[in-house]
Amino acid sequence: MERPVAVSVRRSPSLPDYNTSTSTLAFDQHFTTTLKGILLQAEIICGMLVWILVGGTDYFHLPALCWVMFLSILFWILTVSLFIIYLTGLHNRIPHVPWTTLSLCINCIATALYLVTAVVDALSVNQDVRGRHNYNCWAASAFFAFLTTLCYAGSSYLSYRTWKTTEEEQ
């Protein structure tokens, strides 16, 4: 008859018990239905359309359209980042960053620079023959650039109101 073999198990010194099963990121389900959330989504979609429409053409021959591409992608990345920060509630977890002031600055700068970009984009449409692919895409991107400018202007106004109320409370 065979005897069961006893296996000795070495135990390492007891390690602290970390709770790794819970997530610290929250998802604000109602943020996307607020005016701020809706404007951020509109900025993301319209801004993405600007750089997709310009990027699908031979824009690199015109330095003005290179500026449009640079600015539209830069502000698209910033806007997506802000949207994720507000959606996850990260702005509440990092209180030492003045989020209202930062949002106000980003939105005001984006409004001014996107207005210049929209005008440059609209003036660049004439660089190609009417009815051709580049012309149609540049015309559509100019339209969406102006629409994005309006969205950033609305966000600037909301950011200003929020900033003003937080400054008055302090």
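Read-outs: derived from the displayed coordinates by stated rules, not from any lab. Bear in mind that the values here come from a model prediction, so they are computed numbers and not experimental data. As a convention, Cβ positions derive from the backbone with ideal geometry for all residues, glycine included, and neighbour counts pool all protein chains shown.
If only one of 159, 155 is of a type in the set (Gly, Ala, Ser) and farther than 19 Å from residue 50 by Cα, which one is it?
One residue alone meets the criteria, 159.
Name every residue in the stretch 108-144 that is among the charged types (D, E, K, R) and closer than 24 Å to residue 42 by Cα, in order of residue number.
The answer is 121, and nothing else.
Note down all Cβ pairs under 8 Å where the first residue falls in the stretch 75-101 and is in contact (Cβ under 8 Å) with a residue 40 or more places away in the chain, the second is among the basic types (Lys, Arg) and surrounded by fewer than 16 Cβ atoms within 10 Å (Cβ to Cβ), and they're at least six residues apart or on different chains.
none
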